[in-house]
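Only one structure is covered here, and it is reproduced in the block below.
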2 protein chains.
Amino acid sequence: MPPLNAVIRLVSSLVTAAAVCFALPAQAEDSAPQKVLIDDEGFSLMHMMLINSPQIDVVGVTSVTGNWWAPRGAAMQLRGLELMGRTDVPVAQGAVYPLMNTEKATERWEALYGKLTWKGAWMKQWVEPTQQSTPPYYGPNDLSNLPWGAPSTKVTPQAAAVFMIEMVHKYPGQITIVEGGPMTNLALAQRLDPEFASLAKGLIYMGGSFNPHRVRDDRSAVEFAREFANSPRREFNIRLDPEAASIVSRAPWKQITVIPVDPSTATQLTRKLLDRAAKGAKPEVGKAIAGFEAGFPLWDEIVAAVLLDPSIVTEAEDLYVDYDAAFGATYGDTLSWREHYQPGLGEQKARVVLSIDPRKLDEIIVKSVAAK
Amino acid sequence: MPPLNAVIRLVSSLVTAAAVCFALPAQAEDSAPQKVLIDDEGFSLMHMMLINSPQIDVVGVTSVTGNWWAPRGAAMQLRGLELMGRTDVPVAQGAVYPLMNTEKATERWEALYGKLTWKGAWMKQWVEPTQQSTPPYYGPNDLSNLPWGAPSTKVTPQAAAVFMIEMVHKYPGQITIVEGGPMTNLALAQRLDPEFASLAKGLIYMGGSFNPHRVRDDRSAVEFAREFANSPRREFNIRLDPEAASIVSRAPWKQITVIPVDPSTATQLTRKLLDRAAKGAKPEVGKAIAGFEAGFPLWDEIVAAVLLDPSIVTEAEDLYVDYDAAFGATYGDTLSWREHYQPGLGEQKARVVLSIDPRKLDEIIVKSVAAK
């Protein structure tokens, strides 16, 4: 019989293991590929990771306005799938405008409540000198200067929200919605069809901010800390369309996994990582990867990595989550409650990932985009 | 000639020292006692530390509704000064009610936005089982069960706000206002007399919350972390009267020092600390100290300690600070901006203390309350 303290240690590590397991979206244990629909503003490493993985069956890719306008995002997605030789994956264009938020209103908001660090498609300049480039400012339908040229394939006839609804009805309980941008399409889908959320297997999204702290010491990390140091509850994807985020957070999903800013502060898309990933990928894809700008925290890539290998999660918590949709100083800020404190207005309990293993993330990225 | 890296280390430590010096309220260097007016809900170790220190000349003590109602606070202050043999210090009773916030409105707010952890004078029970006692619920004018009995001395005829205005006119540029509770009196004084803030030497207050993290592992620390884990920008003093806090933060002070929740997470009013402090104090005062409830973070005591020995500060930052006065999910939340991001609506630049040396704090407390 083992001594009592060894038993306690064993029980304790089982409890820890159970806590981590509970953090896993269940699909990791299935043998059939996990059906996934990716909604995001463009075409990033996250897309490549999921589309290239034999564990994942991407049933569609949709665009939404965020860092870029949705039409530009859809063109990048079509072209990205062409580079990957995966034109079998349908692309649907998403909502061009957030539900309520506008570029003009954002300017007035800034005059009352202070300057935003990042404004995505509405970004004209950084407030302070910043190492990362400022993306060129385009109009909503401007498709000039696409990074990999114009696609020859076309989007589906349906808008993204309608396409999503069709997909969850076609594969009820089987599709995990992966959200890497603002939630405009998801909110539209939920209001078009009240069954939308409950027909999905679950939702995993990059968005929100709980209590992030800077982990890395390099210049990029110091500059990105500007985004949360004085606004720990603000995150761009949610802030661009707060009303949509609140609608989605109150929808009846079977399971929600949140990847907020918090775990990203330990990560970085370094030049070395890009070179490693590019080297292992198919030549056309590798060229695209090598062309990505280095220096950003890995936001959406954590979403893909958690789907591919949930053991990457080192800290997570179950919380009720909603977003502030009132047009005041904290428009779009993350609202969260532990059990007993929540108002009970439909906000759902979500699994919030607070930290991950950044070295494991790099390995998952390199491995998942490698030529199979 | 020293090697270059030694020079760099020296320069680096001088820069650090300069940054810390800049954090000091300037009075530490004066030889004459620093004139101070203390506004707070009751009579705490903070009062004892300042009133007993030869470095400090307390020109008045005023009460405000916070953890207790203002009339109760004034009675405790009169009695506390009697115990200390300092009935020469005048006491003025402050505002009984916050500017806009009410107990009833707080209940409705909680139904919409979730339960508050601490509600001060309006507290009836903890949401979860909690080690700290729940203070008995009193009406606004109930003076029963005062901790040290009823005082025989009386408050000044003027209300606290009027008394404060008189004092800054009597000693222009000389008085540091020490705020340990909600800012109702300060806001009233500023609106009664637009010169109020600019006639003070400066303001130092316990209030606000920037990005606190739990530091200690004991049960009390774990329980107090409930207050900020899902609301990192909420703090009770400000949350009780957000409109007052915004008025005060936009007033033209010569200098503002903020002691938010952040530095308090490394501190605790332990039984051992209380016993040490009680043992060194005059018998009557020691008895009162020994009767304080242990387990709380040291909030207001940091304010007194920073005045007595600014070298206690280990991290501080200059930020523009305001508070959210809109009655929504983030009513009373701290708003802050680095230079270039602030809206410029009157919000002042403040020195925000983010961490302190907790062992030094204990020593300052014990030393400052010791019988002289």
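The values are calculated or read from the model by the stated rules, or taken from the named source; none is laboratory data. The model shown is predicted, which means the values in this text are computed figures rather than measured ones. Cβ: placed from backbone, ideal geometry, glycine included. Neighbour counts: every protein chain shown. To get the accessible areas, we keep the full protein, side chains included, count just its heavy atoms, and leave off ligands, DNA and RNA. Shrake-Rupley method; radii C 1.70, N 1.55, O 1.52, S 1.80 Å.
For the interface of B with A, what's the total buried accessible surface in square angstrom, probe 1.4 angstrom, rounded to the nearest hundred? Protein heavy atoms only, the B-A interface buries about 2600 Å². Here the Gaussian network model covers chain B, with springs between Cα atoms less than 10 Å apart; of B:Tyr331, B:Tyr341, B:Tyr97, B:Tyr341 fluctuates the most.
In the context of the full set of protein chains, residues of the stretch A:125-257 present 40 Å² of accessible surface per residue (probe radius 1.4 Å, heavy atoms only). Placing R0 at 51 angstrom, the Cβ-Cβ distance between A:Ala290 and B:Arg219 gives a FRET efficiency of 0.45 after rounding to 0.05. Each residue of the stretch B:34-369 gets 123 Å³ once the volume of the Cα convex hull is shared out per residue. Please work out the FRET efficiency for the pair A:Tyr137 and B:Glu363, using the Cβ-Cβ distance as r and a Förster radius of 45 Å; give the result to the nearest 0.05. FRET efficiency, A:Tyr137 to B:Glu363: 0.20. Equivalent-ellipsoid semi-axes for the protein assembly as shown (Cα gyration tensor, √(5λ), whole Å, largest first): 52, 26, 26.
By the rule of a C-alpha distance below 16 Å, with chain neighbours fewer than 8 residues away ignored, the lysines paired with B:Lys35 are B:Lys170, B:Lys201, B:Lys254. Close amide H pairs (under 5 Å, H built 1.01 Å from N) link B:Ala350 with B:Leu319, B:Tyr320, B:Val321, residues at least 5 positions away or on another chain.
Comparing A:Val261, A:Val127, A:Val313 in a Gaussian network model of chain A (Cα springs below 10 Å), the most mobile by mean-square fluctuation is A:Val127. If a spin label sat at a point 7 angstrom from the Cα of A:Thr156 along the line to its beta carbon, the backbone N atoms of the stretch A:44-66 nearer than 17 Å would be those of A:51, A:57-65.
The fraction of accessible area contributed by carbon and sulfur in the protein assembly as shown is 58 percent, rounded to a whole number (1.4 Å probe; ligands and nucleic acids excluded). Based on the convex hull around the alpha carbon atoms, the stretch B:253-372 presents an average projected area of 9.5 nm².
Taking a ≥ b ≥ c as the square roots of the eigenvalues of the alpha-carbon gyration tensor, the stretch A:163-303 is classed oblate because a/c is 1.5 or more while a/b is no larger than b/c. Here the Karplus curve 6.51 cos²θ - 1.76 cosθ + 1.60, taken at θ = phi - 60°, turns the phi angles of the stretch B:211-223 into couplings of 7, x, 10, 5, 10, 8, 9, 6, 4, 4, 5, 4, 6 Hz, with x standing for Gly and Pro. Under a Gaussian network description of chain B, with springs only between Cα atoms under 10 Å, the residue in B:Phe228, B:Phe163, B:Phe327 that fluctuates furthest is B:Phe327. Listed by chain and number, the aspartates and glutamates placed with their C-alpha closer than 18 angstrom to that of A:Lys367 are A:Asp57, A:Asp275, A:Glu284, A:Asp300, A:Glu301, A:Asp309, A:Asp357; residues fewer than eight positions away on the same chain are left out. Taking 7 Å steps out from each Cα toward its Cβ at B:Tyr97 and A:Glu339 produces label points 4.0 nm apart.
Segment A:Lys372..A:Lys349, full-extension length gain: 4.5 nm, with 0.36 nm per residue of separation and the alpha-carbon distance subtracted. With a 10 Å cut-off around each Cβ of B:320-333, the average count of Cβ atoms from other chains is 4.
Counting Cβ atoms of other protein chains within 10 Å of each residue's Cβ and taking the mean over peptide B:218-230 gives 2. In whole angstrom, the stretch A:154-234 maps to an equivalent ellipsoid with semi-axes of 34, 13, 12, each derived as √(5λ) from the alpha carbon gyration tensor and ordered largest first. Our helix-only sum for the protein assembly as shown, with -39,500 (n - 2.57) per DSSP H run of n ≥ 4 divided by its residues, gives a mean residue ellipticity at 222 nm of -10500 deg cm²/dmol. Think of the stretch A:34-369 as having a plus end and a minus end, set by charges on the Cβ of Lys, Arg, Asp and Glu; of A:Leu146, A:Pro129, A:Tyr205, A:Leu146 sits farthest toward the positive end of this dipole.
Counting, for every residue in B:286-297, the Cβ atoms of other protein chains within 10 Å of its Cβ and taking the mean gives 0.
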